[in-house]
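> Quick one: the structure is below, and I'll ask about it shortly.
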Amino acid sequence: MFRWFCLTVRRVVVLNCVVSALVGCALPGPGPELFPVTPMVVRVGVDGSVEQGYDTTGDGKADCSERVNATGVVEAIRFDDNKDGCLDDRDAWVVLADVPEQERRHLIMILDSVPFAMVESLWAEGRFRLFSQPSRVISPFPVMTDLCLSDFFGVSPCPGVESEYFDGEQLRNGYVAYASKENVPWMDLVDWHLEPATHVSVYLGAKKWYLHELRQVQEHFRGSGGPRVIAYIVGTSALGARVGRDGHQAGLIQLDRFCRQLVFESRGRVRISLLSDHGHHYSSSKRIPLSRLLAEFGYRPGRGLERSGDVVVPEFGMVSCAVIHTREAAEVARDVLGIEGVELTAYRDASDNLVVLSRTGRARITHSAGRFAYRADFGDPLDLLPIYASLRAEGKVDADGFAGDGVLKEATATHSYPDVVHRLWRAFHGLVQHTPDVLVSTQDGYHCGSAFMSSIVHLTAAHGNLRRPSSTGFSMSMNGRLPEMVRMEDLRGELVRLGVPLDRLESRH
């Protein structure tokens, strides 16, 4: 009875927080000014370039033009500056690459939960042609925003995997930690973002709030005199989670128009770089009641570890991964694996090797001097044996069975579990301050986390697990082409190499 009372009180508190967020925060304002959705005139040059003329004033005449080179990227723009009602040779081209650096301003936009495959498809169809082709960005595991962006900004580790975490003594209150930004060391390095207290509102009204965010970034950039603005957009996560692929489709087309508008109104004197923290898997999702099932097995879920059989299971968000704290990691990892929807579990053994379990296999990952060995006791839980066999045939695996970290990264860039060996190892070695004892990766279509949120929010997309759709975000920049695949922990350095000013970051507090 007391447990039921506590749960009821907690739900009332959460509901009050939701109401407070909706009532206390300003309603979303108007959306941004956006560039026309399509050109009204298209001309093909003898050199293979394409000129696209746009009507930005609504008078039925093209007053702005983009020149797209043979590689498909916008290289120059021009305007009807003489106001003669047409674009001709008297209207000079502004070649984007020739704009002096001292005249350029940079906008770096971080988009929550946008998968690489979605952006790749839109680029192939002709969107985002201000940018070079998008690159795959592989997120750390567990695939959570705070872990990803702390890696990007170089401020890892986070205290926990998410806002509700076990600090070694007790389970921290996730709502308090979320509101106080306790698990977001990266956020102070961002120039514009919605306060966490508004995020509930965003998820309940995804489309309007996303456009509100774009408008606020637009106004902040226009009003800022500095050479660089970094903005974080949470609305893309809400679009995916609540609306699914169609939500992202509409939102990304609006983002393309947003970027074109800034380039148009700045006369080509802005450089934009885009990235997402991780991907999303588009499907309806069923919750796994992890704590309840562990209790049915005979374990004791609670807020601390005092005796054998105690487990601490943070259940805060709605994600396709979970962490468990326990003194019996091997047993818990084995038992949890039998739950419907759980695909993989992992833990550290007494020798600091990683043990990875699936329902049909068990393997161990061993690390030595920047190299990894993967040895299967039976089965092949990570589907890596063929890859190791191929690398061995190429002479890239030594006599003891170890392959270099970089070799494995390239060999598994598009694997079902991309860059999985590095990501799993790091999850237990420095990614978070309070390292879990067992990590859980669910099948697509299943999630763990808050029972309350799962009862009021129907997920149409989720992230968190080791699989490619969840694990693969994107990045692209007007400054040039990034490598085809980049780890999140290396992305900032790669952008700096292209000239994006992310090397000197200062906290806003």
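> Considering only the other residues whose Cβ falls under 11 Å of the Cβ of Ser320, what net charge follows from Lys and Arg at +1 and Asp and Glu at -1?
Net local charge, Ser320 excluded: +1.
> What distance in nm lies between label points placed 7 Å from Cα along the C-beta direction at Ser49 and Leu385?
For the pair Ser49/Leu385, the computed spacing is 5.7 nm.
> Sequence-distant or interchain residues sharing an amide H contact under 5 Å with Glu343, placed H: which?
The answer is Ser441, Thr442, Gln443.
> Solvent-accessible area per residue for segment 93-187 at a 1.4 Å probe radius, Å²?
Computed with neighbouring chains in place, this is 33 Å² per residue.
> What distance in nm separates the simple spin-label points at Glu169 and Arg300, each placed 7 Å from Cα in the Cβ direction?
Output for this residue pair reads 2.0 nm.
> Karplus couplings for segment 61-74 from phi (6.51 cos²θ - 1.76 cosθ + 1.60, θ = phi - 60°), rounded to Hz, Gly and Pro as x?
Running phi through 6.51 cos²θ - 1.76 cosθ + 1.60 with θ = phi - 60° gives 10, 6, 10, 8, 9, 10, 10, 9, 6, 5, 8, x, 10, 5 Hz.
> Considering only C-alpha atoms, what is the centroid distance from segment 356-413 to segment 443-490, in Å?
The distance from the Cα centre of segment 356-413 to that of segment 443-490 comes to 24 Å.
> So, one more: Starting from the amide H of Phe428, placed 1.01 Å from N in the peptide plane, find each other amide H under 5 Å away whose residue is 5 or more places distant or on another chain.
Result for Phe428 returns nothing.
> For segment 295-403, what is the accessible area per residue in Å² when the probe is 1.4 Å?
45 Å²
> Residue-wise, which Karplus ³J(HN,Hα) couplings in Hz belong to segment 92-98, taking 6.51 cos²θ - 1.76 cosθ + 1.60, θ = phi - 60°, and x for glycine or proline?
So the Karplus estimates, Gly and Pro as x, are 6, 7, 9, 7, 4, 5, 8 Hz.
> Restricting everything to alpha-carbon atoms, can you work out Rg to Rh for the chain with a Kirkwood hydrodynamic radius?
Rg/Rh for the chain comes to 1.01.
> Here's another thing I want to ask about it. Could you pull out every residue, at least 5 positions away or on a different chain, whose amide H is within less than 5 Å of the one on Leu107? Hs are placed 1.01 Å off N in the peptide plane, and Pro or chain starts have none.
Val229, Arg271, Ile272, Ser273
> I've got another one for you. Along segment 312-322, what does the Karplus equation 6.51 cos²θ - 1.76 cosθ + 1.60 (θ = phi - 60°) give for ³J(HN,Hα), rounded to whole Hz, x for Gly and Pro?
Computed from phi, the couplings for segment 312-322 are 10, 10, x, 9, 10, x, 9, 9, 8, 8, 7 Hz.
> Further, regarding this structure: Determine one quarter of the surface area of the Cα convex hull of segment 391-457, which equals its mean projected area, and express it in nm² to one decimal.
Mean projected area of the Cα convex hull: 7.1 nm².
> A further question follows. Per DSSP H run of at least 4 residues, take -39500 (n - 2.57); add these up for the chain, divide by its residues and hand me the 222 nm value, nearest 500 deg cm²/dmol.
-9500 deg cm²/dmol
The values are calculated or read from the model by the stated rules, or taken from the named source; none is laboratory data. This is a predicted model, so every value here is computed, not measured. Backbone-built Cβ (ideal geometry, glycine too); neighbour counts: all protein chains shown. What goes into the accessible areas is simple: the full protein's heavy atoms, side chains included, and nothing from ligands, DNA or RNA. Shrake-Rupley method; radii C 1.70, N 1.55, O 1.52, S 1.80 Å.
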